[in-house]
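Colleague: Okay, here's the structure, questions in a sec.
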Amino acid sequence: GVETVRTSTGFTFDEEGLTVSKTGSEMSTQVTENGMTISRSGTEVLVVDNQGVQATNLNANTFLIIGGKARFEKYGAGRIGCFWIGG
């Protein structure tokens, strides 16, 4: 059988999972059975696994819910509102 598949466009599928890393790009992505890691120049900027999501420079474009109890969103011109939504 085949143990490694490597494409000329930067995709590698092997015992480590699926890795996307193009020559000259600072970004790389690895997907395994445990989750996904995206790195910039070797530094992890997004990790998604059974522990949750760890993100660097997180942007929420509409709203952000924290702990199922509070919601942050745009409120009027140039303001942010924090609303209690939990019980």
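The values are calculated or read from the model by the stated rules, or taken from the named source; none is laboratory data. Quick caveat: nothing in here was measured; it's all calculated off a predicted structure. Here Cβ is always computed from backbone atoms with ideal geometry, including for glycine, and neighbour counts include all displayed protein chains. These area figures cover heavy atoms from the full protein model, side chains too; ligands, DNA and RNA do not enter into them. Shrake-Rupley method; radii C 1.70, N 1.55, O 1.52, S 1.80 Å.
Colleague: Out of (1) closer than 25 Å to Thr7 by Cβ; (2) outside any loop (DSSP other than H, G, I, E, B); (3) open to solvent by 60 Å² or more (accessible area, probe 1.4 Å), the odd one out for Thr23 is which?
Modeller: (2)
Colleague: Sticking with this structure for a sec: Report yes if Val31 is touching a Leu at 6+ places or on another chain (Cβ under 7 Å), modelled with pLDDT of 95 or more and either closer than 26 Å to Thr12 by Cα or surrounded by 14 or more Cβ atoms within 10 Å (Cβ to Cβ) (or both), otherwise no.
Modeller: yes
Colleague: May I ask you to list the residues in segment 1-18 that are surrounded by 14 or more Cβ atoms within 10 Å (Cβ to Cβ) and without any contact (Cβ under 8 Å) to a residue 12 or more places away in the chain? It would help to see each step written out before you state the result.
Modeller: Initially, segment 1-18 is screened for residues surrounded by 14 or more Cβ atoms within 10 Å (Cβ to Cβ), giving 10-13, 17-18.
Across segment 1-18, the qualifying residues are Phe11, Thr12, Phe13.
Colleague: Looking at Gly86, is it open to solvent by less than 100 Å² (accessible area, probe 1.4 Å), on the phi > 0 side of the Ramachandran plot and not in a strand (DSSP E or B)? Walk me through it before giving the result.
Modeller: On the way: open to solvent by less than 100 Å² (accessible area, probe 1.4 Å): yes; on the phi > 0 side of the Ramachandran plot: no; not in a strand (DSSP E or B): yes.
It is false that Gly86 is open to solvent by less than 100 Å² (accessible area, probe 1.4 Å), on the phi > 0 side of the Ramachandran plot and not in a strand (DSSP E or B).
Colleague: Take segment 45-77 and flag every residue that is aliphatic (A, V, I, L, M) and surrounded by 11 or more Cβ atoms within 10 Å (Cβ to Cβ).
Modeller: The answer is Val45, Leu46, Val47, Val48, Val53, Ala55, Leu64, Ile65, Ile66, Ala70.
Colleague: State all residues of segment 39-53 that are closer than 23 Å to Ile66 by Cα and either among the small types (Gly, Ala, Ser) or within 8 Å of the chain's Cα centre (by Cα) (or both); if no residue qualifies, say none.
Modeller: Hits for segment 39-53 are Val45, Leu46, Val47, Val48, Gly52, Val53.
Colleague: Could you say which residue among Thr7, Thr12 is more than 21 Å from the chain's Cα centre (by Cα) and at negative phi?
Modeller: Thr7
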